[in-house]
Amino acid sequence: MSYKPTYKAANTIAATIEEHFVKLHKNAIAQGEIDLATQPDQKNIEAIIDVAFWSSLRKEEGHSPRISIAFLPPEQTSKPLRFAKKLSLNANNLTKIAPGIERSGIHLGVWEEDGELYIWGTTLNIPNFCFVVDVSEPGLIVIKHRRIYGIGKFTNVAVLKGEQIRIVDDRSCNNRDCPPILQALLDLTVLASWNDPINILIQFSVSMRAHGRGGALLIVPKGDVKWEESIIHPIQYLVEPPFCGLSNLAKQNGNQSEIFSQGAVRREVEHLAGLTAVDGATIINEEFELIAFGAKIGRAKGKPTVEQIAFSEPIVGGEDTILYPGQLGGTRHFSVAQFVNDQPQSIGLVASQDGHFTIFSYSKKQNMVMAHRIETLLL
């Protein structure tokens, strides 16, 4: 290969990424899985990450590129859009083509021929475990792959921000009380359909983070009214009866009708997730019925003030630490931590304006509130 990568982080992480995909394929083959993408080797991993990084720092007509690069030949996808003339994989070509492929779900197809990487076209469909490099913003590169059954958000493997390397630790839940959404994001849970409850919650998290205004979501048990003890009354935006648009979709068998497709779920998720931008907390039950938004959290009568929480991040080196709630964030983080401390059967999600995203849940093992910071998995 004549191309010489110069992005140091690409060189540092390439062998680790290759090892990750070798392990994925080995386990999948042992389980009888088929339709697996070709494994990327260290050389191509480094080169693709390198070109993606340098293209992310360029601009085309004042806009930074946002690109999803998938490593596969056109024969491994269905109905590909193929260019009559292959393009060399370089930062200039990526920057030029980026405006036409920046929408969600479109991948730029890249493959190797005679030792050189080239761009062959675009595709909307990629095989299981396909190696994908996503240019999210200037200097921010996300390495991910398609889930084994293609349902739900892609699984993130690592995030590079300049020279900072954050490798996802898929074993981080082994010795912790992890909420189901975190297990699913680590690809430890099979998502059955687009209206799978955990997949909906992941989409909710992505949407909350995307609006950029910050927000809080409280998920309370169905039929349990104890949570009201931790909310200041009256609730300004109480919904009566609870709104069931998303809940109805979640209860349907997605195989029976096209109406319960990915698009229908996404529209309802966007509808409700937008309400989290309103000051206060949005409250839904575990069946996704909207109960209220803009609710003010208060400490329940007779409950102690939460003084410590266990903090973790599912990345290599992200060991548990004990923090005071004020060390994690502002009023929103503290109030949600207090709510989960008072209502341990509930879960709280907090999106910060700076892009951080935290799940609050109660750990029976540690007998305290845990804060799982997961933005690395949501990019």
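For this structure, a couple of remarks:
- Some residue of the range 274-288 being open to solvent by 80 Å² or more (accessible area, probe 1.4 Å) and assigned to a strand (DSSP E or B): no
- The range 201-242: number of residues that are surrounded by 18 or more Cβ atoms within 10 Å (Cβ to Cβ) and not β-branched (Val, Ile, Thr): 14
- Only one entry of 85, 26, 43 meets the criterion of being open to solvent by 40 Å² or more (accessible area, probe 1.4 Å) and in contact with a helix residue (DSSP H, G or I) (Cβ under 9 Å, 6 or more places away or on another chain), and that entry is 43.
- Remark: residue 38 falls outside the filter, which requires a residue to be touching a residue at least 24 places away in the same chain (Cβ under 8 Å), out of contact with any Cys (no Cβ under 7 Å at 6 or more places or on another chain), open to solvent by less than 40 Å² (accessible area, probe 1.4 Å) and under 19 Å from residue 119 (Cα atoms).
- Residue tally, condition open to solvent by 30 Å² or more (accessible area, probe 1.4 Å) and either in contact with a strand residue (DSSP E or B) (Cβ under 7 Å, 6 or more places away or on another chain) or of a type in the set (A, V, I, L, M, F, W, C) (or both), over the range 342-372: 6
- Count of residues meeting criterion [acidic (Asp, Glu) and without any contact (Cβ under 8 Å) to a residue 12 or more places away in the chain] in the range 309-333: 1
- Test result for residue 193, out of contact with any His (no Cβ under 8 Å at 6 or more places or on another chain) and surrounded by fewer than 23 Cβ atoms within 10 Å (Cβ to Cβ): yes
- Residue within the range 143-154 that is more than 22 Å from residue 33 (Cβ to Cβ) and either in the same structural domain as residue 32 (by the TED database) or under 19 Å from the mean Cα position of the chain (by Cα) (or both) present: no
- When the range 174-218 is filtered for residues that are among the small types (Gly, Ala, Ser) and under 14 Å from the mean Cα position of the chain (by Cα), the ones remaining, listed by number, are 184, 205, 207, 210.
- Members of the range 307-334 that are part of a loop (DSSP other than H, G, I, E, B) and either open to solvent by 80 Å² or more (accessible area, probe 1.4 Å) or more than 17 Å from residue 350 (Cα to Cα) (or both): 307, 308, 316, 317, 318, 319, 320, 324
- Unique match (being among the aliphatic types (A, V, I, L, M), out of contact with any Gly (no Cβ under 8 Å at 6 or more places or on another chain) and closer than 29 Å to residue 70 by Cβ) among 184, 210: 210
- Just one of the numbered conditions (1) over 24 Å from the mean Cα position of the chain (by Cα); (2) farther than 15 Å from residue 128 by Cα; (3) of a type in the set (A, V, I, L, M, F, W, C) is not true of residue 29: (2).
- Residue that is nearest to the chain's Cα centre (by Cα), among those in the range 92-116 that are within 22 Å of residue 157 (Cα to Cα) and crowded, with 20+ Cβ neighbours inside 10 Å: 107
- Among the residues of this structure, residue 339 counts as one that is assigned to a helix (DSSP H, G or I), at pLDDT 95 or above, open to solvent by less than 30 Å² (accessible area, probe 1.4 Å) and over 27 Å from residue 171 (Cβ atoms).
- Filtered by the rule that a residue be within 28 Å of residue 55 (Cβ to Cβ) and either assigned to a strand (DSSP E or B) or open to solvent by less than 60 Å² (accessible area, probe 1.4 Å) (or both), the range 161-180 gives 161, 162, 164, 165, 166, 167, 168.
- Sub-7 Å Cβ pairs linking a first residue in the range 48-63 that is farther than 15 Å from residue 108 by Cβ to a second residue that is assigned to a loop (DSSP other than H, G, I, E, B) and polar (S, T, N, Q), at least 6 apart or interchain, are 50/6, ordered by first then second residue.
The values are calculated or read from the model by the stated rules, or taken from the named source; none is laboratory data. Predicted model, so just to flag it, every value in this text is computed and none were measured. Here Cβ is always computed from backbone atoms with ideal geometry, including for glycine, and neighbour counts include all displayed protein chains. All accessible areas refer to the heavy atoms of the entire protein, side chains included, with ligands and DNA or RNA removed. Shrake-Rupley method; radii C 1.70, N 1.55, O 1.52, S 1.80 Å.
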